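Okay, so here's the structure we're looking at.
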Amino acid sequence: PDIKRFNQLINLAPLDRLEFDAHKMDVDWEIQIPRADGHIVHRRIRCLNLLALICAVSRCLVAYVLVLGDYCQLDVLRLFHRALQPWKPRPLIVPGMVYAEGARLGLPVDDQGAGPRGIVLAGDNALAHHADIALGNLLEHHRGIVNLGHAHVPEGRPIIEAFNRRLEQGALRNLAGGFQPQTRSNGKKSSTSYLRADDHPLHWVGLADLMDVIASGHNVTPHSGLNNRTPLSVLDAHLVSGLPWETTQASTDAMQLTTVRTVGIVRGHQADGRHPYVQYKGARYRSQRLMGRWDLLGRRFRSEVNIEDLRYLVLLDSDTGCPWSRLTALPPWDRSVHDLHLREQIIRARNRGLLEINGAQDAIEAYHAFTREHALSGATPPDLFARISSQSPRQNAPTSGRPPQVVRPRSGFTSFSNSKD
């Protein structure tokens, strides 16, 4: 009869409950967009989302994702993908910026892919949290229990809410252009930084470095709720005890978290000379093994695609479940790395008549130019342009130092009379 709260009934240990949430913050940050004539135009970013995953007992930050503009279910999967991967310090570019001594993020994973994992994943019922892909992959590959509570009820997830507020008030509000939003008691927003956003435009790599230093530093900072112990010391003491729930498939599960399983139908038309292909999300995929296989027309294959890189699709053998063939997207989807969210944005703009990608060599470059022109003209907020620009250019760079292979045309007779080839 004396028990009033759940934590009086069961004492939770570290990693028994992980809380995750996306914290939206209104900002007045400036980004620089170069015009064709070389002049620089300043446009303002209005929204930032921070997705964080934190242990409710040790207060240890496991993973985070920083998103310019609105976030989607892919960002949720990225959050848990990072939670299952070993953390590596970033090569900091800001002079004088260093990591705190002993700073660390994430959970330890050994060379065999074994490591501890949270049991209960507690979040609110945002659309991106219970979307089919996000929820299905979490249940299958992160495992444990997913507890999606009510939105706008911070009492249900007090630890992550307190962390978000502490990070916002202690760090992000102090950046150039930071302000305190308008409230009922305060009739107008008030500046929280003496630095003007016009004089200090946003540098995404620098912001990512700063966020990584602050996030990892949180784990080695004494916390009053832990009797001034650090979150990492509490978590490490629990891991040494030998009691955490561990799995041996951290690396495999991390990869599968961003993998979608679907059914691909082999299409084509022999009389018209349309070679067999598989269609997914508005793009056609082919491989050398599929060429000329007219006997496979209409056949259904189970397939897998990594939603971080939609340039490739893998058909699985129906008998063994092993990869049967790796297909490559046809132009204009085959050049640049792009995720599921970006392709859906491009298709949505095309369907609305805002963008034409037929005849383009690279749909991603065409969309980047489209968002850039709209951001320059002020027709739309620059969030989409900033989101694309924030992606590392190293993603599209060659992975080796070898010179690119020169593709030479075939010799002999060539005909372009059939437009459907």
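Structure notes:
- When ILE40, ILE10, ILE54 are checked against the criterion of being of a type in the set (Val, Ile, Thr) and touching a residue at least 24 places away in the same chain (Cβ under 8 Å), a single residue qualifies: ILE54.
- Filter pass, ALA22 being among the small types (Gly, Ala, Ser) and assigned to a loop (DSSP other than H, G, I, E, B): no
- Region 122-139, residues that are surrounded by 13 or more Cβ atoms within 10 Å (Cβ to Cβ) and touching a residue at least 24 places away in the same chain (Cβ under 8 Å): ALA122, GLY123, ASP124, ALA126, ALA128, HIS129, ALA131, ILE133, ALA134, ASN137, LEU138
- Top-ranked residue of region 338-365 - restricted to ones that are among the hydrophobic types (A, V, I, L, M, F, W, C) and under 22 Å from the mean Cα position of the chain (by Cα), ranked as farthest from LEU313 (Cα to Cα): ALA349
- If only residues of region 39-84 that are open to solvent by less than 10 Å² (accessible area, probe 1.4 Å) and polar (S, T, N, Q) are counted, the one that is farthest from ASP236 (Cα to Cα) is ASN49.
Results for (1) out of contact with any Ser or Thr (no Cβ under 6 Å at 6 or more places or on another chain); (2) open to solvent by 40 Å² or more (accessible area, probe 1.4 Å), shown as yes or no for each residue.
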{"residue": "VAL153", "(1), (2)": "yes, yes"}
{"residue": "ARG165", "(1), (2)": "yes, yes"}
{"residue": "ALA171", "(1), (2)": "yes, no"}
{"residue": "SER190", "(1), (2)": "yes, yes"}
{"residue": "PRO201", "(1), (2)": "yes, yes"}
{"residue": "VAL213", "(1), (2)": "yes, no"}
{"residue": "PRO222", "(1), (2)": "no, yes"}
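- In region 155-173, the residues that are over 23 Å from the mean Cα position of the chain (by Cα) and of a type in the set (S, T, N, Q): GLN169
The values are calculated or read from the model by the stated rules, or taken from the named source; none is laboratory data. Being a predicted model, the structure only gives us computed values, none of them experimental. Neighbour counts run over all protein chains shown; Cβ positions are idealised from the backbone, glycine included. Heads up: the accessible areas ignore ligands, DNA and RNA and are worked out on the full protein's heavy atoms, side chains in. Shrake-Rupley method; radii C 1.70, N 1.55, O 1.52, S 1.80 Å.
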